[in-house]
Amino acid sequence: GVHFVVGGWQEASLYHVDGTLVHTFEGHTSSVNALAATSDGQHIISGGYDTLVKVWNVASGSLVSTCEGPAGLVRAVAAMPDGKRILSGSDGGAVRVWLLDGTHQNTFEGLHAQTVLALVALPDNRHALSGGNDIKLFNVNDGGVLRTFKHHTNTVSSLALMPDGLRFVSASYDRTARIVEHGLAPQ
């Protein structure tokens, strides 16, 4: 709660809430446009137009790992609640699952017809939501889609989990934001 991170050209910058720069994580070769933090606050995840996902140690400012594989521009990243896995979404509608050390664990092709622009992990550490031409609730272990949400009339650009863990907020290019129950039982 006392820091925030901002993407830029070839870097991500960590700031204190008072606006003081804490550290700059450099290493991408293009724009960094997707950012997340592990729930323990020890790692920053960055994704960029260079098709890479990078994991950074907040305390030391050092690079922990680079996730490389066949992917398009990385448009979304999320950290699973256990802090051991991360998700990335890219062009082509694919979501990839990575271990924090950069090991590729799985790829779920075709979750969306086009680009994955938003990702959010659910508190059960088994499911996530992805946003693109619609919203999918899927199992991060096997890629199985549990539910498809089509409450927007245009591409979904952002997703966030509500504090209760049972609802999410979605924003779309249709110029609306919606609060929706994802439908999984509370853990």
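The values are calculated or read from the model by the stated rules, or taken from the named source; none is laboratory data. Since the structure is predicted, the reported quantities are computational estimates derived from the model, not experimental observations. As a convention, Cβ positions derive from the backbone with ideal geometry for all residues, glycine included, and neighbour counts pool all protein chains shown. Protein only, heavy atoms only, side chains kept; ligands, DNA and RNA dropped before computing areas. Shrake-Rupley method; radii C 1.70, N 1.55, O 1.52, S 1.80 Å.
Can you tell me which of (1) of a type in the set (Val, Ile, Thr); (2) in a strand (DSSP E or B); (3) open to solvent by 30 Å² or more (accessible area, probe 1.4 Å); (4) under 19 Å from residue 88 (Cβ atoms) is the one residue 32 doesn't meet?
(3)
What's the number of the only condition in (1) over 20 Å from residue 160 (Cβ atoms); (2) of a type in the set (S, T, N, Q); (3) modelled with pLDDT of 95 or more that residue 30 fails to meet?
Result: residue 30 passes all but (3).
Report, ordered by the first and then the second residue, all pairs with beta carbons closer than 9 Å, sequence separation of six or more or different chains, a first member in region 36-56 that is without any contact (Cβ under 8 Å) to a residue 60 or more places away in the chain, and a second member that is among the basic types (Lys, Arg) and open to solvent by less than 20 Å² (accessible area, probe 1.4 Å).
That search, which allows pairs on different chains as well, returns 44/54; 45/54; 46/54; 47/54; 48/54; 53/96.
All but one of (1) surrounded by fewer than 15 Cβ atoms within 10 Å (Cβ to Cβ); (2) within 24 Å of residue 83 (Cβ to Cβ) hold for residue 136; state the number of the condition that does not hold.
Failing condition for residue 136: (1).
Within region 147-187, take every residue that is in contact (Cβ under 8 Å) with a residue 24 or more places away in the chain, in a strand (DSSP E or B) and open to solvent by 90 Å² or more (accessible area, probe 1.4 Å) and give me the one that is nearest to residue 122 (Cα to Cα).
147
Check residue 23 against each of (1) closer than 18 Å to residue 74 by Cβ; (2) assigned to a strand (DSSP E or B) and name the one condition it does not meet.
Failed condition: (1).
Which residue pairs have Cβ atoms under 7 Å apart, sit 6 or more places apart or on different chains, and have a first residue in region 91-110 that is free of Cβ contacts under 8 Å to residues at least 24 places away in the same chain and a second that is surrounded by fewer than 16 Cβ atoms within 10 Å (Cβ to Cβ) and in a loop (DSSP other than H, G, I, E, B)?
92/72; 94/109; 99/84
In region 49-63, is there at least one residue being in a strand (DSSP E or B), surrounded by fewer than 20 Cβ atoms within 10 Å (Cβ to Cβ) and modelled with pLDDT of 95 or more?
Pass one, region 49-63, residues in a strand (DSSP E or B): 53-57, 63.
Applying the additional criterion that residues be surrounded by fewer than 20 Cβ atoms within 10 Å (Cβ to Cβ) yields 57, 63.
Within this subset, residues satisfying the condition of being modelled with pLDDT of 95 or more are 57, 63.
There is at least one residue in region 49-63 that is in a strand (DSSP E or B), surrounded by fewer than 20 Cβ atoms within 10 Å (Cβ to Cβ) and modelled with pLDDT of 95 or more.
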